[in-house]
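Peer 1: Sharing a structure with you now.
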């Protein structure tokens, strides 16, 4: 078990009192991983302190405002790649098959592409394999990091750490395309409703979907962005 990937999975999950109680151990795991630079480990400390010490209801509200009410900060990775197109449904089917082939059966109501779920799976895989998958998502991590830095959110450090663990340089053009997507004020409920109504959910099994390993499935993460944005705009 890769304890760092597991720790990052936990701190990106919906906050609970159990998570708060585990923060000293989680912080110790992250502080001791030399795959992260000392600067990256220091940058994670404010989030560790916040998750461990703030009122649980404040933390829950912050989490919802960031990750549940803002599509541009969604932790569902395929949201940034396929939008609501049918391609996302096929990718989901392949991802579930990959999990099952690896003996991984997540007990959660979250979608398979939810980042904490993916990180929990990758924590069970050899690091070289996990690193390849993280590298495929590097542009998403960089875009999320940039958006969270703008909001002065300590969660930004998690995505900077994931980018560092990936060992990859995010493609600047692809990151710029992601960052070019308009953000909606999470407090503007009317605007949020309009955004969610713009796209028809068209999930469904892809009859051509196979059962590739995780890297093969995620390797084209940066390719369908223009197509996905076109679907969302229809």
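Peer 1: From the list 152, 110, pick out the single residue that is under 17 Å from residue 70 (Cβ atoms), surrounded by fewer than 23 Cβ atoms within 10 Å (Cβ to Cβ) and in contact with a helix residue (DSSP H, G or I) (Cβ under 7 Å, 6 or more places away or on another chain).
Peer 2: Among 152, 110, only 110 is under 17 Å from residue 70 (Cβ atoms), surrounded by fewer than 23 Cβ atoms within 10 Å (Cβ to Cβ) and in contact with a helix residue (DSSP H, G or I) (Cβ under 7 Å, 6 or more places away or on another chain).
Peer 1: Please work out which residue is farthest from residue 158 (Cα to Cα), limiting yourself to the range 13-37 and to residues that are surrounded by 14 or more Cβ atoms within 10 Å (Cβ to Cβ) and without any contact (Cβ under 8 Å) to a residue 24 or more places away in the chain.
Peer 2: By that ranking, first place goes to 22.
Peer 1: Among the candidates 44, 66, single out the residue that is surrounded by 13 or more Cβ atoms within 10 Å (Cβ to Cβ) and more than 30 Å from residue 94 (Cβ to Cβ).
Peer 2: 44
Peer 1: Does residue 35 satisfy the condition of being touching a helix residue (DSSP H, G or I) at 6+ places or on another chain (Cβ under 9 Å), assigned to a loop (DSSP other than H, G, I, E, B) and under 29 Å from residue 128 (Cα atoms)?
Peer 2: yes
Peer 1: Can you name every one of the helices (runs of 4 or more DSSP H) wholly within the range 66-135 that holds 3 or more residues which are modelled with pLDDT of 95 or more?
Peer 2: In the range 66-135, the matching helices (runs of 4 or more DSSP H) lie at 115-122.
Peer 1: Every residue in the range 164-185 that is within 19 Å of residue 3 (Cβ to Cβ), without any contact (Cβ under 8 Å) to a residue 40 or more places away in the chain and part of a helix (DSSP H, G or I), please.
Peer 2: The one that is within 19 Å of residue 3 (Cβ to Cβ), without any contact (Cβ under 8 Å) to a residue 40 or more places away in the chain and part of a helix (DSSP H, G or I): 166.
Peer 1: Let me ask you something else. Say whether the condition of being more than 26 Å from residue 33 (Cα to Cα), free of Cβ contacts under 8 Å to residues at least 40 places away in the same chain, buried (at least 19 other Cβ atoms within 10 Å of the Cβ) and within 17 Å of the chain's Cα centre (by Cα) is met by at least one residue in the range 114-124.
Peer 2: Within the range 114-124 (the criterion being more than 26 Å from residue 33 (Cα to Cα), free of Cβ contacts under 8 Å to residues at least 40 places away in the same chain, buried (at least 19 other Cβ atoms within 10 Å of the Cβ) and within 17 Å of the chain's Cα centre (by Cα)), the answer is no, since none of the residues qualifies.
The values are calculated or read from the model by the stated rules, or taken from the named source; none is laboratory data. Bear in mind that the values here come from a model prediction, so they are computed numbers and not experimental data. In this analysis, Cβ positions are derived from the backbone assuming ideal geometry, glycine residues included, and neighbour counts consider all displayed protein chains.
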